[in-house]
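Structure record follows, encoded as structure tokens.
The values are calculated or read from the model by the stated rules, or taken from the named source; none is laboratory data. In this text the structure is predicted, and so the values were computed from the model without any measurement. Glycine also receives a Cβ, built like all others from the backbone with ideal geometry; neighbour counts cover every protein chain displayed. Note: areas computed on protein heavy atoms with side chains; ligands, DNA, RNA excluded. Shrake-Rupley method; radii C 1.70, N 1.55, O 1.52, S 1.80 Å.
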Amino acid sequence: MAGVTRSNPFRQSPAARLGWLVLAAYVVYGFGAMDLNWARFVDGLGHGARLLDRMFPPNFDRWEILLHDLIESLQIAVIASVAGIFISLFVGLLAARNLMPTLVTSPARVLIAVCRTFHPVIIAILFVKAVGFGALAGILTLVVASVGFIAKLFAEAIEEISLKQVEAIRATGAGFVSVILFAVLPQVFSRFIGFSTYQLDSNLRNSTMVGLVGAGGLGGTLFAAFQRFDYDFVTAILITIIALILVGEALSNAVRRVFQ
């Protein structure tokens, strides 16, 4: 229609343009400060090609070591996942603000935040120093990581439930435990299973990573192989890790089918 002006939806304010310019300038500065340039990239491609040449074919002569470490990594992940899921049930429930008073939810949320603060490798270093090298340090590390992830999502899922069912169960005179079992858990059970299977898959990957600092599993063998420049054995270890992740994927799918 004549006389009607339409605003441009893609028009940016001067402040937004200035922000984009500052961001672009910072990216350029970051490349220079970290010595990132094309010559270094090309040189890295040459080193990478030589590394790949030494990594193939993979060497499975020490398959006994691989099998032992594979089983240990699987055990670390499964035990840590089961323990972490069990603890997260209670921590997540205590952190739900629609069911618990602030006096209870605040410490629970602080605990979740602490568990999520540090990378698993940092936590693994602390536990290795505390309990020594081996699988126990890895299990404790992944339990902490599991609580930080599952408890947070479980608490958020509980906060999104419909309170009508809770009120209906309470109206019958049921106690707190009955309210949780018959009004809360049925609404969040499928999501909790999804959180748990994802964490199991994550723990399988992390069980190989924490071994780099001595917390058991395939990571320690991988680090030692790199230290010896034993790159064909490194490839065998990486293939074994891929097999471990595929096993975890199969376990996750099996659990989902059981509870569907």
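The figures follow:
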read-out	value
Scope segment 153-180; condition of a type in the set (S, T, N, Q) and either open to solvent by 80 Å² or more (accessible area, probe 1.4 Å) or touching an Asp or Glu at 6+ places or on another chain (Cβ under 7 Å) (or both); matching residues	Q165, T172
Pair list, Cβ under 8 Å, 6 or more apart: segment 40-67 residue loosely packed, with under 11 Cβ neighbours inside 10 Å, other residue at pLDDT 85 or above and not acidic (D, E)	F56/T235; P57/T235
Which listed residue, of S73, S88, S106, is of a type in the set (G, A, S), at negative phi and in contact with a Gly (Cβ under 6 Å, 6 or more places away or on another chain)	S73
Selection count, segment 52-107, where residues are farther than 18 Å from D201 by Cβ and small (G, A, S)	4
Residues of segment 191-207 that turn out to be without any contact (Cβ under 8 Å) to a residue 60 or more places away in the chain, under 18 Å from A124 (Cβ atoms) and not small (G, A, S), as a count	1
Subset of segment 93-115 [open to solvent by 20 Å² or more (accessible area, probe 1.4 Å) and outside any helix (DSSP H, G or I)]	R97, N98, L99, M100, P101
Any hit, segment 82-92, residues being among the polar types (S, T, N, Q), exposed (fewer than 13 other Cβ atoms within 10 Å of the Cβ) and part of a helix (DSSP H, G or I)	no
Checklist (1) of a type outside the set (V, I, T); (2) farther than 15 Å from S207 by Cβ; (3) open to solvent by 80 Å² or more (accessible area, probe 1.4 Å) applied to H119, failing item	(2)
Segment 154-181, subset touching a residue at least 12 places away in the same chain (Cβ under 8 Å) and under 28 Å from I79 (Cα atoms), residue nearest to the chain's Cα centre (by Cα)	F154
